[in-house]
Amino acid sequence: MKQNFKIKIKLVIIIFLFLSSINIYSQCWNKVDGGHWNSFGIKNDGTLWGWGQNDGRLQTTSSVPIQIGSNTNWSNISSSYWYTLLQKSDGSLWGWGENPFSSGGPNYGSTPIQIGTSIDWVNFIAAQYHFLAIKSNGTLWTWGVNQYGQLGDGTNVNKNLPIQIGTSTNWTQISGGDRHSLAIKSDGTLWAWGANDFAQLGDGTTTAKNFPIQIGTANNWAKVEAGELCSFAIKTDGTLWAWGYNYFSQLGNGNSQTLVVPTQIGTSTNWVKVISGHSHTLAINNNGKLYSWGSNNWGQLGGGGNTINAVNNETDWNKISVGYTHSLVLKSDNSLWVFGENYYGQLGNGITIDLWNPTAISCPTSLSVEDLYNSQLKIYPNPTNNIINIENNKYQIDRIELYDVTGRLYNRKIQ
């Protein structure tokens, strides 16, 4: 089948740029999560994929998604800079990765290994060097590095296996940052513990706590999110609150001053999701609009600035994740969009150029860069400044989008 598309563009596009910018869509991603300079995802078929820098988890550095193992029953994922926690459909929990700094914590190695025998985990988080999880009975469990009391067991001793924290059976939400932990109980109260040198616990001090302490007296907290050295939470009324380190304006209040207690950010009452990494933050409201703020040195905001700004006018954003300086977002159709730093290929688009605007990543089973080099699809003439011919004998092309190297969309063709 030969298809010719007349696409008028304002500049000469070399073939390399075009190859890296054709997206043959298949909305296949169920979960994605960002690591340090890499990314991980689970497809709708339960397979596990990774891309970006090889820190021991990927076996090789890759700028396109590569399948990890052959299992087809992965259901959930949480990644930090060096570790990944995974859950299978049978409820079992698996660990992957290791601490490169030899400062304690488990070493799970280059392939996922099962953690214990429990199959009743309902929520889990891979923080920087420690882990948190909740079982179906509402109990809280932690393990990993505990230098600052981030495990919450009243000690500063590392633990390589999950230990129960206290006797409460009403934990519902958890999150972990670089060295601190946050949680919400079913009564809507907010709790924090661990490092507090940047007021990331929100108790008005900078003193570390090695056991959970209640933050304030409010009982209408709904969601909580730990950034690297800061914290966020959303109340049941849809308001957004933040505290802690703010050097990069990642708290969203328009300045760089540390906030020592939870402080409302803006006046909106429709926030539903928030996530923060090293220096930038993403959030989604109940209209499906995506917002970003903080550092934008590598395009990780996809637009935005040091105050809350909409990334674009689209209203079908659904799930958000961030790495060190890159962002990954799923739309409601399960398509994956990425932006930010791409030095190690952590955006998964086949090249290593930073992207400053949300750019779609096609599914691994769809057209890949390797397929192009194997002449499954021909694009000519090269270069061109008016007409692009596409000769395709193998794939059903649903849509073609032409981007420049910054991720800016120049033209779109829908079949």
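No value in this document is a laboratory result; all are computed from the given coordinates. Being a predicted model, the structure only gives us computed values, none of them experimental. All Cβ positions, even for glycine, are placed from backbone atoms using ideal geometry, and neighbour counts span all protein chains on display.
Things to note:
- Scoring 146-154, 68-76, 332-340 by mean Cβ neighbours within 10 Å over their residues and listing the highest first yields 146-154, 332-340, 68-76.
- Net length available on complete extension from T267 to N297 is 8.1 nm, with 0.36 nm assigned per residue and the Cα-Cα distance removed.
- What you get for the range 27-365, charging only the Cβ of Lys and Arg (+1) and of Asp and Glu (-1), is a dipole of about 280 debye around the Cα centre.
- Estimated inter-spin distance, S75 and N156, nm [label 7 Å along Cα→Cβ]: 3.9
- Counted by Cβ distance under 15 Å from T269, the other residues give a net charge of +3, where Lys and Arg count +1 and Asp and Glu count -1.
- Remark: spin-label model distance I113-N287 equals 5.0 nm, labels positioned 7 Å along the Cα→Cβ axis.
- Take the Cα of D237, step 7 Å toward its Cβ, do the same at D316, and the gap between the two points is 3.4 nm.
- Neighbour net charge for A208 - beta-carbon separation under 15 angstrom, K R +1, D E -1: -2
- FRET efficiency for N170 and T206, using Cβ-Cβ distance with R0 set to 25 Å, rounded to 0.05: 0.30
- Taking 0.36 nm per residue of separation and subtracting the current Cα-Cα distance, fully stretching the chain between N309 and T217 would add 30.1 nm.
- Set K159/K289; K209/K331; K43/K209; K209/K235; K135/K273 screened for pairs whose C-alpha atoms are more than 32 Å apart: K159/K289; K209/K331; K43/K209
- A cut-off under 15 angstrom between Cβ atoms defines the neighbours of G244, and their net charge, with Lys, Arg +1 and Asp, Glu -1, is -3.
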